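Undergrad: I am attaching a structure below and will ask some questions about it afterwards.
The values are calculated or read from the model by the stated rules, or taken from the named source; none is laboratory data. Since we're looking at a predicted model, the values are computed, not measured. FYI the Cβ positions are ideal-geometry reconstructions off the backbone, even for glycines, and counts take in every protein chain you see.
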Amino acid sequence: MAIVGVGYDSPVVNSEWAEQEEFQFELWTDGDAQLAAYYGAIDDPDQLRPDRVTKVLDANGTLVLEYVESVAVGTHPEEVLADCQVLFGP
């Protein structure tokens, strides 16, 4: 399983933030907002910040789980991990 975060910030800013927060996953840069638009995190390409959403895809790229509201940075990773363990096993 691969876990990736995506944001608008530059690769340098994303890297610094990931290090500061001790993320155990990569942060990708979506400077042109194409991924945000594709996955429904924005309604308008000029939106300054994407909404916080999580999409879980299976090995074939099929959407199997999504979180589109109330994504709390502090507790959300544990929630997603628990749900993924139910879906895919430990």
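Undergrad: Note down all Cβ pairs under 8 Å where the first residue falls in the stretch 73-89 and is in the same structural domain as residue 60 (by TED's automatic domain parsing), the second is surrounded by 10 or more Cβ atoms within 10 Å (Cβ to Cβ) and of a type in the set (Phe, Trp, Tyr), and they're at least six residues apart or on different chains.
TA: 76/67; 79/67; 80/67
Undergrad: Does residue 43 satisfy the condition of being closer than 19 Å to residue 67 by Cα, exposed (fewer than 14 other Cβ atoms within 10 Å of the Cβ), more than 13 Å from the chain's Cα centre (by Cα) and not hydrophobic (A, V, I, L, M, F, W, C)? Talk me through it step by step, then tell me what you get.
TA: Details: closer than 19 Å to residue 67 by Cα: yes; exposed (fewer than 14 other Cβ atoms within 10 Å of the Cβ): yes; more than 13 Å from the chain's Cα centre (by Cα): yes; not hydrophobic (A, V, I, L, M, F, W, C): yes.
Against the criterion (closer than 19 Å to residue 67 by Cα, exposed (fewer than 14 other Cβ atoms within 10 Å of the Cβ), more than 13 Å from the chain's Cα centre (by Cα) and not hydrophobic (A, V, I, L, M, F, W, C)), residue 43 qualifies.
Undergrad: Related question: What's the total number of residues in the stretch 53-83 that are in contact with an Asp or Glu (Cβ under 9 Å, 6 or more places away or on another chain) and surrounded by 12 or more Cβ atoms within 10 Å (Cβ to Cβ)?
TA: 9
Undergrad: Residues 4, 56: which one is under 26 Å from residue 88 (Cα atoms) and either in contact with a Leu (Cβ under 6 Å, 6 or more places away or on another chain) or assigned by TED's automatic domain parsing to the domain that holds residue 90 (or both)? Step through it out loud before you land on a result.
TA: Details: 4 fails: either in contact with a Leu (Cβ under 6 Å, 6 or more places away or on another chain) or assigned by TED's automatic domain parsing to the domain that holds residue 90 (or both).
It is 56.
Undergrad: Given the criterion closer than 15 Å to residue 5 by Cα and among the small types (Gly, Ala, Ser), identify the matching residue among 89, 74.
TA: Numbers: 89 fails: closer than 15 Å to residue 5 by Cα.
Only one candidate passes the filter, namely 74.
Undergrad: Would it be correct to say that residue 23 is touching a residue at least 24 places away in the same chain (Cβ under 8 Å) and not aliphatic (A, V, I, L, M)?
TA: Working: touching a residue at least 24 places away in the same chain (Cβ under 8 Å): no; not aliphatic (A, V, I, L, M): yes.
So residue 23 fails the test.
Undergrad: Among what's in the stretch 59-72 and is touching a residue at least 12 places away in the same chain (Cβ under 8 Å) and out of contact with any Cys (no Cβ under 8 Å at 6 or more places or on another chain), pick the residue that is farthest from residue 27 (Cα to Cα).
TA: Of all residues in the stretch 59-72, those touching a residue at least 12 places away in the same chain (Cβ under 8 Å) come to 64-68, 71.
Checking the rest, the ones that are also out of contact with any Cys (no Cβ under 8 Å at 6 or more places or on another chain) come to 64, 66-68, 71.
Details: 64: 21, 66: 18, 67: 18, 68: 19, 71: 17 Å.
So the residue we want is 64.
Undergrad: Can you tell me which residues in the stretch 13-36 are exposed (fewer than 13 other Cβ atoms within 10 Å of the Cβ), assigned to a loop (DSSP other than H, G, I, E, B) and not small (Gly, Ala, Ser)?
TA: Listed by number, the residues that qualify are 22, 24, 25, 32.
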